[in-house]
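The values are calculated or read from the model by the stated rules, or taken from the named source; none is laboratory data. Note that the coordinates shown come from a computational prediction; the quantities given were computed from them, not determined experimentally. Please note: Cβ atoms are built from the backbone with ideal geometry, for glycine as well, and neighbour counts cover all protein chains shown. Keep in mind that these areas ignore ligands, DNA and RNA; they rest on the heavy atoms of the full protein, side chains included. Shrake-Rupley method; radii C 1.70, N 1.55, O 1.52, S 1.80 Å.
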Amino acid sequence: MTVELTGETDGETPALSVVIVTYNEEERIRACIESVLEACRSLPEFEVILVDSNSTDRTVEYAVEYPITVLRIPSDDLTTPGAGRYVG
């Protein structure tokens, strides 16, 4: 499976990894990401990985506004929630 990587990582192992799997979630994605970032704020090191299953709305456009890693499953690959969890 091929994924497109956008976002930044510093190479350190985080204390917690949060994986968000999306498909056409533009109406809720900002609130979701902000909630995760707030919940993890007290941790010394964490990462948030969003795996998008080929959304056709602005989910990815909104997600890249945040300091998270955004992965996209291309349209020619299997785009199911299970695939998103596996990639994450």
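Checked against (1) open to solvent by 60 Å² or more (accessible area, probe 1.4 Å); (2) in contact with a strand residue (DSSP E or B) (Cβ under 9 Å, 6 or more places away or on another chain); (3) modelled with pLDDT under 95, residue 45 passes all but a single condition, namely (1). Number of residues in the stretch 53-65 that are open to solvent by less than 40 Å² (accessible area, probe 1.4 Å) and part of a loop (DSSP other than H, G, I, E, B): the value is 2. The residue of the stretch 66-87 that is modelled with the lowest pLDDT, among those that are open to solvent by 20 Å² or more (accessible area, probe 1.4 Å) and of a type in the set (Gly, Ala, Ser), is 82. Taking first residues from the stretch 29-49 that are more than 10 Å from residue 16 (Cβ to Cβ) and partners that are modelled with pLDDT under 95 and open to solvent by 80 Å² or more (accessible area, probe 1.4 Å), no Cβ contact under 8 Å between residues at least 6 apart in sequence or on separate chains turns up. Among residues belonging to the stretch 16-35 that are outside any strand (DSSP E or B) and among the aliphatic types (A, V, I, L, M), point out the one that is most open to solvent (accessible area, probe 1.4 Å). Checking each candidate, the answer is 31.
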